[in-house]
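Scroll down for the structure; my scribbles are underneath it.
Quick note: the coordinates plus some simple rules give every number you see, no bench work behind them. Source: prediction; values computed, not measured.
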Amino acid sequence: MEDFIAELKAQHAALNEQAAALRAQDKGDEAVFCTVRANVYDICATVCNVHMKRGDPAAFDAALERFRNEWGASLEAAKQQDNAKKICVEETKLEALADVAARLAAARGE
């Protein structure tokens, strides 16, 4: 799992660099979405690290499911309010979370 956490941290760093480059090119909107993705990788790496140190990988799985449920509910609320910006942010978070889940499955050999 250490490799998995390192992979998430590397993705976080790469996305932050990409966001900075986009800001330098006056592409603020694109930079925001890179930052949102970076934050998801950072959150997941931190939560995973905590649960692995505690010896409770099932708690990390539960946290991922909780994120999926909360962000999914937030997406649905944004759709009901016709809030385009919030819809894009929540979709971006869920896409990044799906990538984290896929990387986790690969790390576990699933």
Seminar exercise, completed: Computed ³J(HN,Hα) along the range 29-44: with the Karplus parameters 6.51/-1.76/1.60, θ = phi - 60°, integer Hz and x for glycine or proline, the list is 4, 5, 4, 4, 5, 5, 5, 4, 4, 4, 5, 5, 4, 5, 4, 5
For this session: Taking amide H positions as placed in the peptide plane 1.01 Å from N, state which residues far from residue 83 in sequence (5 or more) or on other chains have amide H under 5 Å from it.
Result: none
Exercise. When log10 I(q)/I(0) by the Debye sum over Cα atoms at q = 0.10 Å⁻¹ is calculated directly from the model, which label among (1) -0.27; (2) -0.31; (3) -0.35 fits?
Worked result: (2)
Exercise. Which lysines does residue 9 reach when only Cα atoms under 18 Å apart count, and residues fewer than 8 places away in its own chain are ignored?
Worked result: 53, 93
Seminar exercise, completed: Summing -39500 (n - 2.57) over every DSSP H run of at least 4 in the chain, dividing by its residue total and rounding to the nearest 500, the 222 nm mean residue ellipticity is -31000 deg cm²/dmol
